[in-house]
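Student: Sharing a structure, written as structure tokens. Questions coming.
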Amino acid sequence: MMSAAPPKLMTADELLRLPDDGFHYELVRGELVKMLPPGEEHGTRANYIGHLLFAVVHPARLGRVMVETGYYLAHNPDTVLSPDVSFVRRERYEDEAPGTGYRDGAPDLAVEVVSPGDTLTEVLEKVDEYLTYGTRLVWVVERKTRSVTVYRADKSVQVFKATAGDTLTGEDVIPGFSLSVADLFINL
């Protein structure tokens, strides 16, 4: 009996060179993960969050806010994830120009906007990857429940709800950022 050959693992360089076929890809421990392009509501919500963060981050020169940027989290086998919105503190890039490839290392903040096809297991696996590789704060934004679940590097978890009048802050990651959770779910 012949045993099946182990699947060939992909590298981050190979991922970067994939032809554009309209899909979105990430790499988890060398295995390619294919995702559908985000829908209109998802894209609009992610853009809005990015805009709100940028409005605080840019004037204070706190760092960079990015949308769908790939982060090279682990090497050999490679892991590259791209949160819907992310933030990297200014001290971590020392005024260098943005690169053309994936950013090496984890973002300080990763924001995942849950799409209708996302499973809880998939979302929690991504949260775990971010935190394992150094992300300090992860926000999971769920339109269906009108809530934001905040995962922290110290493993604490907190749910902020629009219906409870909760306020989301940037904590010590983005000082000065504060927003009513209900404002995240206005019709855009």
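Student: Can you list the aspartates and glutamates whose alpha carbon sits under 17 Å from that of residue 8, skipping same-chain ones fewer than 8 residues off?
Tutor: 26, 31, 78
Student: To test your reading of the geometry: what angle, between 0 and 90 degrees and rounded to tens, separates the Cα axis of helix 40-60 from the longest principal axis of the chain?
Tutor: Relative to the chain, helix 40-60 is tipped by roughly 60 degrees.
Student: Next up: What is the Cα centroid distance between segment 112-128 and segment 155-188, reported in whole angstrom?
Tutor: 18
Student: Give or take rounding to whole Å, what are the principal axis extents of the alpha carbon atoms in segment 1-62, in descending order?
Tutor: Per principal axis, max minus min of the Cα coordinates gives 63, 27, 20 Å.
Student: Mind pulling the angle between the C-alpha long axis of helix 120-132 and the longest principal axis of the chain? Nearest 10 degrees, somewhere in 0 to 90.
Tutor: In the chain, helix 120-132 runs at an angle near 90 degrees to the longest axis.
Student: Tell me, what is the percent relative contact order of the chain, built from C-alpha pairs under 8 Å that lie six or more residues apart?
Tutor: Across the chain, relative contact order equals 15 percent.
Student: What lysines does residue 161 reach when the alpha-carbon gap must be under 17 Å and sequence neighbours fewer than 8 apart in one chain are set aside?
Tutor: 144
Student: At a temperature of 37 °C and a viscosity of 0.692 mPa s, determine how fast segment 24-116 diffuses translationally according to Stokes-Einstein, using the Kirkwood radius over alpha-carbon pairs as Rh; express D in µm²/s, rounded to the nearest whole number.
Tutor: 234
Student: On to the next question. Using the Kirkwood radius built from alpha carbon pairs, what does the Stokes-Einstein equation give as D for the chain at 10 °C and 1.306 mPa s, in µm² per second?
Tutor: Calculated translational D: 92 µm²/s.
Student: Working only with C-alpha atoms, what are the Rg and Dmax values of segment 27-69, expressed in angstrom?
Tutor: Rg, Dmax (Cα atoms, Å): 14.0, 39.
Student: Let me ask another. For the pair residue 124 and residue 186, how long in nm is the line joining their label points, each one 7 Å along Cα→Cβ?
Tutor: 3.4
Student: Give me the number: length gained by fully extending residue 32 to residue 20, i.e. 0.36 nm times residue separation minus the C-alpha to C-alpha distance, one decimal in nm.
Tutor: Extra length from residue 32 to residue 20 when fully extended: 2.9 nm.
Student: Check cross-link reach from residue 126 to the lysines: straight Cα distance under 19 Å, and skip same-chain residues fewer than eight apart.
Tutor: Leaving aside lysines fewer than 8 places away in the same chain, those within reach of residue 126 are 34, 155.
Just so you know, all these numbers are worked out from the coordinates, no wet-lab data involved. These numbers come from a predicted model, not from an experiment. Every residue, glycine as well, gets a Cβ built from its backbone with ideal geometry; the counts of neighbours run over all protein chains shown.
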